[in-house]
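Written out below as structure tokens is the structure these notes cover.
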């Protein structure tokens, strides 16, 4: 931590807090996610922490629509993930500022095409994202979108054809299989993408409470 200084908090999630920090030498702004280190006996929490770092380190690396990891380190009690900072804010905030909280068809196509590219890269690596929503899509100064926060993403056993039964996600975007506690795989991200696309076009989610 000695190489960075904290400017301000910029977010909070279920598994940690996010701060805007700068490198003391380069002055580069970064988003720093701070999480409590999971107890070794909590296998689910340990697996999620490991998956998040592995996905950022190896799957997201170099992809134009997946956030870039800059540094990762830990102390006795906390884990730190530092990623590129996207000055444009998130898609949810952008929608909230629009007339009737929606985008044009052209803008929606641009959003969906970039997110589809991001999800395709994750799925090819056997990763199901599981928390696609406007708050997890950031606007970078290069004009591209970045998918962030892989805290609920999972490396599936068996790769892209793998299945899981974990119940997680954000209520308004939950796929039917998750709500029904059935096994699911990477295809469930397509449902969430459809929900987000519908929201961009209409200003509302199609299934409040989730589940289709």
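The values are calculated or read from the model by the stated rules, or taken from the named source; none is laboratory data. Everything numeric here is computed off the predicted structure, so don't read it as measured data. Here the Cβ is made from the backbone with ideal geometry for all residues, glycine too, and neighbour counts use every protein chain on show.
Structure above, values below:
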| read-out | value |
| --- | --- |
| Some residue of the range 87-95 being surrounded by fewer than 17 Cβ atoms within 10 Å (Cβ to Cβ) and assigned to a helix (DSSP H, G or I) | yes |
| Qualifying residue in the range 47-57 (condition: in contact with a helix residue (DSSP H, G or I) (Cβ under 9 Å, 6 or more places away or on another chain) and either closer than 23 Å to residue 118 by Cα or touching a residue at least 24 places away in the same chain (Cβ under 8 Å) (or both)) | yes |
| Test result for residue 56, within 16 Å of residue 138 (Cβ to Cβ), assigned by TED's automatic domain parsing to the domain that holds residue 139 and either over 16 Å from the mean Cα position of the chain (by Cα) or crowded, with 18+ Cβ neighbours inside 10 Å (or both) | no |
| Unmet requirement for residue 61, which otherwise passes all of (1) closer than 21 Å to residue 128 by Cβ; (2) part of a strand (DSSP E or B) | (2) |
| Selected residue (criterion: modelled with the lowest pLDDT) from residues of the range 9-53 that are crowded, with 16+ Cβ neighbours inside 10 Å and part of a loop (DSSP other than H, G, I, E, B) | 15 |
| Residue within the range 95-113 that is under 18 Å from the mean Cα position of the chain (by Cα), at pLDDT 95 or above, in the same structural domain as residue 194 (by TED's automatic domain parsing) and within 23 Å of residue 20 (Cβ to Cβ) present | yes |
| Criterion violated by residue 6 - all others in (1) in contact with a strand residue (DSSP E or B) (Cβ under 6 Å, 6 or more places away or on another chain); (2) in a helix (DSSP H, G or I) satisfied | (2) |
| Residue list for the range 188-212, restricted to those being assigned by TED's automatic domain parsing to the domain that holds residue 151 and more than 23 Å from residue 110 (Cβ to Cβ) | 188 |
| Residues located in the range 179-212, provided they are more than 16 Å from residue 101 (Cα to Cα) and in a helix (DSSP H, G or I) | 179, 187, 188, 189, 190, 191, 192, 193, 194 |
| Residues of the range 153-175 that turn out to be in contact with a strand residue (DSSP E or B) (Cβ under 9 Å, 6 or more places away or on another chain), assigned to a loop (DSSP other than H, G, I, E, B) and within 18 Å of residue 118 (Cβ to Cβ), as a count | 3 |
| Any chance residue 66 is surrounded by 19 or more Cβ atoms within 10 Å (Cβ to Cβ) and more than 27 Å from residue 186 (Cβ to Cβ) | no |
